[in-house]
Every structure is written in C-alpha cells, then in structure tokens.
1. Once amide H atoms are placed 1.01 Å from N in the peptide plane, what residues at a sequence separation of 5 or more from MET95, or on another chain, have their amide H within under 5 Å of its amide H?
2. List the trypsin sites (Lys or Arg not before Pro) within the range 58-105 that DSSP assigns to loop and that have no more than 12 neighbouring Cβ atoms inside 10 Å.
3. Which GluC sites (Glu not before Pro) in the range 60-108 pass both tests, a DSSP loop state and at most 13 other beta-carbon atoms within 10 Å?
4. Return a whole-number percent for the relative contact order of the chain, with Cα pairs under 8 Å and 6 or more residues apart as the contact set.
5. How many percent of the accessible area of the range 209-318 is carbon or sulfur, using a 1.4 Å probe?
6. Using alpha carbon coordinates only, what is the Rg to Rh ratio of the range 198-254, with Rh defined as the Kirkwood radius?
7. Work out which helices of the chain, taken as complete DSSP H runs, extend at least 20 Å along their axis over the Cα atoms and score a mean Kyte-Doolittle of -0.5 or more, then list them.
8. Of LYS64/LYS85; LYS18/LYS48; LYS170/LYS202; LYS26/LYS48; LYS248/LYS283, which sit over 19 Å apart, Cα to Cα?
Amino acid sequence: MNFFAFHFDELKTFLAEKGIKPFTAKQLFDWVYKKWTVNPELWSNISKENRFLLPEILKFELPKIIWEGESRDGTRKFLVQMSDKQTVECVVIPMKERRTLCLSSQVGCAIGCKFCHTGTQGLKRHLGVEEIVGQYMAVSLWLREHDQLPLTNIVYMGQGEPLHNFDNVKKATEILMDDHGLGLGQRRITLSTSGLVPQIEKLWSFPPVNIAISLHSARDDMRTQLMPINKVYDLQKLFKAIKTIPLKAYRRITYEYILIDGFNDTDEDIRALADLIEQRESKINLIPFNEYPGSPYKRPSQEKIDYFRESLQNRGYVCTVRATKGDDILAACGQLKSEYEKLNLWEN
Ligand code: SAH
Ligand code: SF4
C-alpha cells in the first residue's frame with residue numbers, strides 16, 4: 001500500500017486496523033504534505049516503534065525524476081519514472097505570480113488525436129492515484145531542494161486523457177485538495193478533456209475544479225479529422241453533456257482551440273465557433289500548434305493568430321492566446337518522453 005494513494009479518513013482506518021492510533025494519520029499528513037518530510041527517521045513526534053513500523057506497512061515511494069531541463073522562457077520540464085520503469089512528463093510553467101504544474105494522468109493516451117504526439121503512442125496504462133499525487137510531490141520536493149518557489153496551480157494537460165482514468169484522477173484530486181494535507185484550492189486546479197461524454201456527465205461527482213474542453217474545431221467534419229473521438233461523441237452530444245456540468249458563480253468553461261495553419265483558422269471557423277459557444281461562462285484559449293519532428297500540421301503566422309483572436313474578442317468573447325512555452329526543450333505533449341526513449345538514457 002502506498003501512502004500517496006490514501007485519503008485522510010482511509011488512512012485513519014488503515015492504521016487502526018494495524019493497531020496504530022488513528023491520530024498518527026494526522027501526524028503523517030503533517031510531516032509529508034505540510035512539512036515535506038518523507039524520511040521516517042525525521043518524524044520526531046512519532047514514537048520510535050511506529051517510525052520503524054510505518055515504513056514496513058506503508059510505502060512512501062515517489063516517482064523518480066530521471067531528467068529535468070529548463071527552457072529559455074523558464075518552463076521546466078521533468079521526466080518522471082514510475083516503479084515499473086514507465087515514464088511520463090510533467091512541466092512547471094511560470095506565469096506572473098503563478099507556477100503551474102502540468103500533470104500527466106496516463107502513460108500514453110488512447111484517444112489518438114492527430115495533432116498530438118502522445119496520441120501517436122497509444123495507451124500503455126492508467127496512472128495510479130499515488131503516481132498522480134506522486135508527480136506533484138516529486139516535483140515540489142525537487143523545487144524545494146533547488147530553492148525554487150513552490151507550485152501554485154495544477155492543470156491536467158500532460159499525457160493522457162484524465163477522464164479516461166476518472167476514478168484515479170478524482171481520488172488524486174481529492175487528496176491534493178484535502179485540508180489535512182496540501183489543501184490546494186479548487187480554483188487552482190484545471191482538468192482538460194478531449195470530450196468523453198459519459199464521464200463529463202459524471203463530473204457532478206468530481207471536486208468542482210475548472211474544466212477545459214479540447215475543442216480544436218467547431219465543425220464536426222473537421223473535428224473528426226483531428227480527433228477520432230468526435231465520431232462517437234460529436235459536437236451536439238458534447239455540448240449537451242457540457243450543459244450538465246454544475247457551474248458555480250465563478251466557474252467558466254474554457255475551450256481550448258489549437259490553431260493549425262490553413263486547417264481550422266479561417267473566417268468560416270470563427271463563425272462556427274461563435275455559433276457554437278455561448279459568451280457567458282466561457283473562455284476561449286487559442287493554442288498555436290506546436291510543431292514537432294514529423295508533425296502533420298503547421299503553426300499559423302502571428303498575423304493569422306492575432307486576427308482569429310481579435311475576431312472573437314470583437315464578438316464579445318473572452319479569448320486568450322496561450323504563450324507557446326518551452327519550445328527549446330520539446331514541450332509539445334509527449335515529445336520529451338519519445339526523444340528520451342530513443343536515447344534509452346536510463347540504461348546508463
Ligand atoms: N487529453 C486531454 C488533456 C491533455 S492533452 C485533452 O486533450 O484535453 C494535452 C494538451 O496539449 C491539450 O491541451 C492539447 O490540446 C495540447 N496539445 C497536444 N498536442 C499539441 C500540439 N502539437 N500543439 C499544441 N498543443 C498541443
Ligand atoms: Fe490524448 Fe489529449 Fe493528446 Fe488527444 S490531445 S491524444 S486526448 S493527450
């Protein structure tokens with residue numbers, strides 16, 4: 001059993017079953033999540049006997065950071081290895097006062113979007129709860145050791161489709177938000193989905209985090225070309241499901257839209273987008289396509305990107321362009337992992 005997969009209450013019950021006072025759960029959450037101390041020898045307020053016993057019954061193992069690199073713009077990328085040697089990427093993106101961690105939810109991805117490097121790899125497996133919480137902890141500990149400012153936000157925009165791994169992502173999110181531990185606020189967490197309709201309809205049971213929908217085209221035929229999932233869950237089904245997401249006053253849905261040169265960046269696309277999306281409670285985030293070796297598409301010119309944004313803003317939409325970060329360290333989804341596997345560096 002891995003400590004990082006436990007809810008607070010579950011841990012209390014687990015410890016009680018092993019004859020350890022449930023109060024120890026509070027001490028453990030304090031040491032690990034509030035004082036960043038994962039070494040049992042340093043848990044000074046826990047009895048010597050339990051300091052010995054706890055690591056026998058609970059694993060405190062975190063994924064290993066096996067590569068790390070900083071881009072010229074300050075984006076820092078981590079390649080993180082799980083106990084079965086599978087790897088995923090996490091990226092820390094600094095933006096004004098925020099430092100956002102982009103988390104992975106799966107090894108690879110089954111959705112197979114045509115523009116996405118992870119999509120070309122297929123799904124290897126889901127990540128466990130401890131591996132999702134573990135990415136956050138491993139990166140946080142690394143930042144602390146290197147005298148860097150702590151993380152403030154999380155986005156599930158690394159490898160994988162988080163709603164395909166619904167139960168584990170949900171539990172990991174609850175653990176990250178728990179006030180007994182890290183206590184991350186719901187507004188600081190964003191979940192991005194390619195549009196798995198049945199799971200979107202289950203979001204009422206998920207903590208009320210921000211939701212981003214990867215739209216990428218407001219035209220069914222075009223969206224199907226980019227995202228095979230649109231064949232099963234087309235725009236009509238997707239938007240019917242989105243309406244079921246409980247929205248609190250502050251909560252907006254973000255629509256992500258990768259801009260691809262000559263494909264989804266025309267006037268017709270702007271009109272289709274404006275017809276589809278309500279201005280209220282929505283935000284459009286344009287992402288200039290990130291080219292990678294062998295990628296089938298191109299990024300539009302800055303002029304075209306600006307025109308697309310301004311056209312939507314003129315129609316009353318909140319529309320931003322995501323700054324393309326970390327180009328020089330292969331920041332496009334899934335790229336670092338592939339390059340790394342080619343080199344097979346961990347064998348050295
Ligand atoms: N699977 C989920 C969440 C992670 S996808 C989803 O699709 O929403 C990772 C993010 O990277 C998404 O926002 C996706 O739109 C973006 N992305 C993937 N490939 C990209 C590329 N080549 N250029 C720019 N953004 C890309
Ligand atoms: Fe999977 Fe998201 Fe990449 Fe599509 S964009 S293949 S859903 S990770």
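The values are calculated or read from the model by the stated rules, or taken from the named source; none is laboratory data. Here the structure is a predicted model, which is why all the values come from computation and not from measurement. We place every Cβ from the backbone using ideal geometry, glycine too, and count neighbours over all the protein chains shown. For the accessible areas, the whole protein counts, side chains as well, though only heavy atoms, and no ligand, DNA or RNA atoms are used. Shrake-Rupley method; radii C 1.70, N 1.55, O 1.52, S 1.80 Å.
1. Here the answer is THR100, since their amide H atoms fall under 5 Å of that of MET95.
2. Listed in order of number, the matching sites are ARG72, LYS85, LYS96.
3. Qualifying residues, ordered by number: GLU97.
4. 15
5. The nonpolar share, carbon plus sulfur, comes to 47 percent.
6. 0.99
7. Long hydrophobic helices here: 129-145.
8. Beyond 19 Å: nothing from the list.
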